[in-house]
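Visitor: One structure follows; several queries about it will come next.
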């Protein structure tokens, strides 16, 4: 316990009100209009004019203080109501006036009493002082608690005028002040006097109903009558704020009011303080488990709280001692000031490091209305200082401003030992840079898995949108708002390309990345850095969380234009010079701004016409045919430059990408060779459907359901086997041909997509919405959609004409408010004008629906026929489960500022809506941290046994068509290149096998359009057959094999090309094996971990020369007997032949001989 001070007769917390700051005179003028009275910390006085004790002095100047210590509650600052004027000047804004019905020359009036003692003031004096003050300070408001003081019994209690001590007459007398019709005391007779109604906030004196809590802007310049209560605590209906003075209720039994005034002795002051402290906890949603407050201290930010610090008791415990203390006891006022200062460990529940018995919220955001005896100026100043200031009371314009407590030292804990040889840490399959000792072990463990910190086995990657600066007048999201403790990586979006170099624009105070500064906690700049802006803050928080890696993301939908000319010349050839310049600039950029890597978000390097941002088509179209090759060259060059920089710096640099999940777009990206150079890729597992066309469907379906109207033609084409490819399961399998599961992170949208005027479907799902005014790039294959607008589209883009583009795009915090039928406080801040624009008004109800097949949720407004595809907790858990089952590396979120924090549904309101928060990200962190390590082998899920030895052979897919019309089906060539230095093949047991992911159907044909069952060259062991609706793809890979013909060889330095046909996009080949006789090898280009390089024995075959006299009949003879050498090539008879020289037929179809290949 605090050592008590001497009685405090004049100090900062007691009996020194005139020491209050002069700025308190108009402190409410600095509080925003949208602040509710419930948001405020209001200093008030209990029994505001209790100054007089016993008899009058007789000279009219004052009253005698014969019984001062018993009856006085406030510092005497002038005769009667003159004290009130001083209190108001000092910052007091809530007063407590006790009245008696008096009958005198003026008729029936209220006089001010404290018990039996008249305080030499009447109600008109009080109103006059308030009126004078508010005329001089029109931005202020006064909160009035009015109590009928007289019980009419006992020597210490007053009595109302004879015949007028009823509730009815007390109401009549109060109403007379409002109407100006004052009762003369002769029955119902009245006289005309001044009406005070205009001085009151009308809703608080309605007389027939209670008011709800107003905003300060609604009540400036007015008295707000909080309520009228009778002498025994009963509440008078029709007056005041219903929450504090509920109709039919009792003031003494109200959970929002603390007025425990009985303090029997000085030793009970501590108990009184604890009641005050408990009410402060309740006001702020903080609980103490030791006191069983868990269920009674729910956070109610929209509620008013009234907290009386006053008390009285026996002859030693008078109001003076309760408030100010004694030599042996600390007074409540001092306790309160210490609590507000966080000193003497007075209120640890509101400060960092609190003990475990405290829970709920952890800050003291407001004090409510604090009614005090003998407040000192310092105490009033401290209470006033707690109030919000600025243009809005709500953080971040009402959209919320989440921020963690950053204690520093978040380094991931003790890391397991790593090998001394960096090569042992390289991820399986990732292409190394030759001749470079890349420090893989800086980031990776000896098993090739990325070290993410203790207890973190999966990645949680958040995209941070650098455009949300607040400079446009909309809610901001800065580095201090990032949930750093929940993430493993932060991607800054976006940089772009200027002059073939990475850029975030010219330096200057308006540059978000390097020049801007902001006000507010957590936005302080590190002045030691040569740049400001987002990058300065990212560096600051990275220092506190060194476990978290930061990457610069380049491109995105709006900033990909520079990729086209940087990577590809106008004739379609690769612009290696431009790529070199860019790669070198990236290295410089990472070093300058302290990033851990670069993330390439090129949307999109595809040969498909009319894809990507329509604003880029003019520069993209001539380069289409060369984009996949140029993109591969870009990634190869970046990998080499970053690895060399890493070797020089002793710090590994990550190279990652954002990959399209659309089965349509990736058809033009060949087999995505660029992925082989990347540490991992972030699968953009969203935007499967949107208002670019008329199909109303889920933004981020986990599985196909066989009902997607956009895929109707595919479902009905037998070769596709009803495999739908607008879903995450399909996209994940598509990437497995290039990467192990652990190098794939599944994207999660923290935003919605939606349509209006939807027809058909089930609650809108798979309905139709046709737009009339199509945006560029839409309506080409199907009609464009009619995207949701206004209140259903607050994150919209602008058209070339500066108009809203309807797309139904919203952060999830806004979608949750729509779901809860709330028009939130931030409406205007996000650009909505509901007063003038009907589209900006929330109408109808948004009912949530769930589809168990696609595992997606949506909101359906049947009145507006609006469909919004959402990402909420149920869908998130399905994705998390999928990450677990699939062995995926983790998750990625676009974008962090879309996450939400919601109050309890019953407490959600316009003033207490869902706002920015960490709900989804917290769930990701909490569940993923318990998972096993991600899959680190590309062979996981394959039926093949990975060889322990590798030979210098390449097996790849090449020569993809580059014209859109020739991409259905896909018809590349499998090229087998022999760099071993010896001939391979020639015998009977020579087989090349590889995996293709089950993203394509198991229907695979050769150049003669024959399947293996039809005698074609490619034999397939299918990993999945039939539709993927509901359950997803059953296996990871199809096993595809090619047996070399007898005597078919691949000479050293030569290649064998074999056409292949498949129908749905796939990456690969992967898990390739080359069987040469009895030995099986992996190609060195697989870059399998642990596969040692060897030289195979030379192959070959000595086929006999063709003999014109011999009969060759494959139907009756062995393959050795129908295989011949002629003109330097090997041939095999296709049917019975004699005397027909190989290669001399009319054509391949009429030639009895099949060309096997060159002779040994």
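Visitor: Pairs only if they're at least six apart or on different chains, beta carbon under 7 angstrom, first in region 244-267 and free of Cβ contacts under 8 Å to residues at least 24 places away in the same chain, second surrounded by 15 or more Cβ atoms within 10 Å (Cβ to Cβ) and in a strand (DSSP E or B); list them, first residue then second.
Guide: Here the result reads 249/235; 250/234; 250/235, each pair linking region 244-267 to a residue that is surrounded by 15 or more Cβ atoms within 10 Å (Cβ to Cβ) and in a strand (DSSP E or B).
Visitor: Taking the condition closer than 26 Å to residue 548 by Cα and either surrounded by 19 or more Cβ atoms within 10 Å (Cβ to Cβ) or at pLDDT 95 or above (or both), does residue 592 pass?
Guide: Taking the combined requirement at face value, the residue satisfies it.
Visitor: From the residues in region 89-123 that are in contact (Cβ under 8 Å) with a residue 60 or more places away in the chain and outside any strand (DSSP E or B), which one is surrounded by the fewest Cβ atoms within 10 Å (Cβ to Cβ)?
Guide: It comes out as 106.
Visitor: Under 6 Å between Cβ atoms, at least 6 apart or on separate chains: pull out the pairs that start in region 343-371 with a residue that is within 15 Å of residue 274 (Cβ to Cβ) and end on any residue that is part of a strand (DSSP E or B).
Guide: 349/286; 349/358; 357/288; 358/288
Visitor: Determine whether region 400-410 contains at least one residue that is within 30 Å of residue 94 (Cβ to Cβ), touching a residue at least 24 places away in the same chain (Cβ under 8 Å) and touching a strand residue (DSSP E or B) at 6+ places or on another chain (Cβ under 8 Å).
Guide: The answer is yes; a qualifying residue exists.
Visitor: For region 189-221, what are the residues that are assigned to a loop (DSSP other than H, G, I, E, B) and either in the same structural domain as residue 305 (by TED's automatic domain parsing) or more than 25 Å from residue 300 (Cβ to Cβ) (or both)?
Guide: Within region 189-221, 189, 193, 194, 195, 196, 207, 208, 221 meet the criteria.
Visitor: On the basis of being modelled with pLDDT of 95 or more and more than 18 Å from the chain's Cα centre (by Cα), does residue 512 make the cut?
Guide: yes
Visitor: Ok, one more. If only one of 935, 1006, 930 is buried (at least 19 other Cβ atoms within 10 Å of the Cβ) and without any contact (Cβ under 8 Å) to a residue 60 or more places away in the chain, which one is it?
Guide: Of the residues listed, the single one that is buried (at least 19 other Cβ atoms within 10 Å of the Cβ) and without any contact (Cβ under 8 Å) to a residue 60 or more places away in the chain is 1006.
Visitor: Out of 954, 1000, I need the residue that is touching a strand residue (DSSP E or B) at 6+ places or on another chain (Cβ under 8 Å) and surrounded by fewer than 21 Cβ atoms within 10 Å (Cβ to Cβ). Which one?
Guide: Exactly one residue qualifies, and that residue is 954.
Visitor: Could you please find all residues in region 613-622 being surrounded by fewer than 23 Cβ atoms within 10 Å (Cβ to Cβ) and closer than 18 Å to residue 572 by Cα?
Guide: 616, 617, 618, 619, 621, 622 - these are the residues of region 613-622 that are surrounded by fewer than 23 Cβ atoms within 10 Å (Cβ to Cβ) and closer than 18 Å to residue 572 by Cα.
Visitor: Any residue in region 163-179 that is within 24 Å of residue 81 (Cα to Cα) and in a loop (DSSP other than H, G, I, E, B)?
Guide: No, because not a single residue in region 163-179 is within 24 Å of residue 81 (Cα to Cα) and in a loop (DSSP other than H, G, I, E, B).
Visitor: Could you identify the single residue in 597, 612, 578, 650 that is within 17 Å of residue 670 (Cα to Cα) and at pLDDT 95 or above? Before you say what the answer is, go through the steps one by one.
Guide: Numbers: 597 fails: within 17 Å of residue 670 (Cα to Cα); 578 fails: within 17 Å of residue 670 (Cα to Cα); 650 fails: within 17 Å of residue 670 (Cα to Cα).
None of the other options fit; the residue is 612.
Visitor: Please find, within region 721-762, the residue that is nearest to the chain's Cα centre (by Cα) out of those that are over 26 Å from residue 880 (Cα atoms) and assigned to a strand (DSSP E or B).
Guide: Among residues in region 721-762 that are over 26 Å from residue 880 (Cα atoms) and assigned to a strand (DSSP E or B), the one nearest to the chain's Cα centre (by Cα) is 755.
Visitor: Give all pairs with beta carbons closer than 9 Å in which a residue from region 73-84 that is without any contact (Cβ under 8 Å) to a residue 12 or more places away in the chain meets a residue that is surrounded by fewer than 17 Cβ atoms within 10 Å (Cβ to Cβ) and assigned to a helix (DSSP H, G or I); count only pairs at least 6 apart in sequence or on separate chains.
Guide: 78/85
Visitor: Which condition from (1) touching a residue at least 40 places away in the same chain (Cβ under 8 Å); (2) surrounded by 20 or more Cβ atoms within 10 Å (Cβ to Cβ); (3) closer than 20 Å to residue 1067 by Cα is the one that residue 690 breaks?
Guide: In the conditions (1) touching a residue at least 40 places away in the same chain (Cβ under 8 Å); (2) surrounded by 20 or more Cβ atoms within 10 Å (Cβ to Cβ); (3) closer than 20 Å to residue 1067 by Cα, residue 690 misses (3) alone.
Visitor: Among the residues of region 833-850, what is the count of those that are crowded, with 20+ Cβ neighbours inside 10 Å and either at pLDDT below 95 or more than 25 Å from residue 918 (Cα to Cα) (or both)?
Guide: So the count comes out to 2.
Visitor: So, one more: Out of the residues in region 429-468 meeting the condition of being over 19 Å from residue 743 (Cβ atoms) and free of Cβ contacts under 8 Å to residues at least 60 places away in the same chain, tell me which one is surrounded by the fewest Cβ atoms within 10 Å (Cβ to Cβ).
Guide: 434
Visitor: Right, something else. May I ask you to say which residue of 325, 378 is at positive phi, in contact (Cβ under 8 Å) with a residue 40 or more places away in the chain, surrounded by 18 or more Cβ atoms within 10 Å (Cβ to Cβ) and more than 40 Å from the chain's Cα centre (by Cα)?
Guide: Going through 325, 378 in turn, the sole match is 325.
Visitor: State which residue is modelled with the highest pLDDT when the search covers only region 912-931 and only residues that are out of contact with any helix residue (DSSP H, G or I) (no Cβ under 8 Å at 6 or more places or on another chain) and part of a loop (DSSP other than H, G, I, E, B). Write out each step before concluding.
Guide: From region 912-931, those out of contact with any helix residue (DSSP H, G or I) (no Cβ under 8 Å at 6 or more places or on another chain) are 912, 926, 929-930; that's our starting set.
Right, trim to part of a loop (DSSP other than H, G, I, E, B) and you get 912, 929-930.
Working: 912: 86, 929: 91, 930: 86.
Only one residue fits best here, namely 929.
Every residue, every condition in (1) in a loop (DSSP other than H, G, I, E, B); (2) farther than 27 Å from residue 940 by Cα; (3) not assigned by TED's automatic domain parsing to the domain that holds residue 1157, yes or no:
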{"residue": "987", "(1), (2), (3)": "yes, yes, yes"}
{"residue": "1013", "(1), (2), (3)": "no, yes, yes"}
{"residue": "1035", "(1), (2), (3)": "yes, no, yes"}
{"residue": "1047", "(1), (2), (3)": "yes, yes, yes"}
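Visitor: Which of the residues belonging to region 850-894 are in contact with a strand residue (DSSP E or B) (Cβ under 7 Å, 6 or more places away or on another chain), free of Cβ contacts under 8 Å to residues at least 40 places away in the same chain and part of a helix (DSSP H, G or I)?
Guide: 874
Visitor: I'd like to check something: does region 763-780 contain any residue that is closer than 29 Å to residue 909 by Cβ and either outside any loop (DSSP other than H, G, I, E, B) or in contact with a strand residue (DSSP E or B) (Cβ under 7 Å, 6 or more places away or on another chain) (or both)?
Guide: Yes: one or more hits.
Visitor: Kindly provide the set of residues from region 523-557 that are more than 22 Å from the chain's Cα centre (by Cα), without any contact (Cβ under 8 Å) to a residue 40 or more places away in the chain and crowded, with 18+ Cβ neighbours inside 10 Å, ordered by number.
Guide: Within region 523-557, just 532 meets the criteria.
Visitor: Filtering region 957-981 down to residues that are surrounded by fewer than 20 Cβ atoms within 10 Å (Cβ to Cβ) and within 18 Å of residue 1092 (Cβ to Cβ), which residue is farthest from the chain's Cα centre (by Cα)?
Guide: 981
Visitor: I've got another one for you. Just to be sure, is residue 1114 closer than 13 Å to residue 1133 by Cβ, assigned to a loop (DSSP other than H, G, I, E, B) and modelled with pLDDT of 95 or more? So that I can check it myself, show each step before the final result.
Guide: On the way: closer than 13 Å to residue 1133 by Cβ: yes; assigned to a loop (DSSP other than H, G, I, E, B): yes; modelled with pLDDT of 95 or more: yes.
Yes.
The values are calculated or read from the model by the stated rules, or taken from the named source; none is laboratory data. Since we're looking at a predicted model, the values are computed, not measured. When we count neighbours, we look across all protein chains shown, and the Cβ atoms used for this are built from the backbone with ideal geometry, even at glycine.
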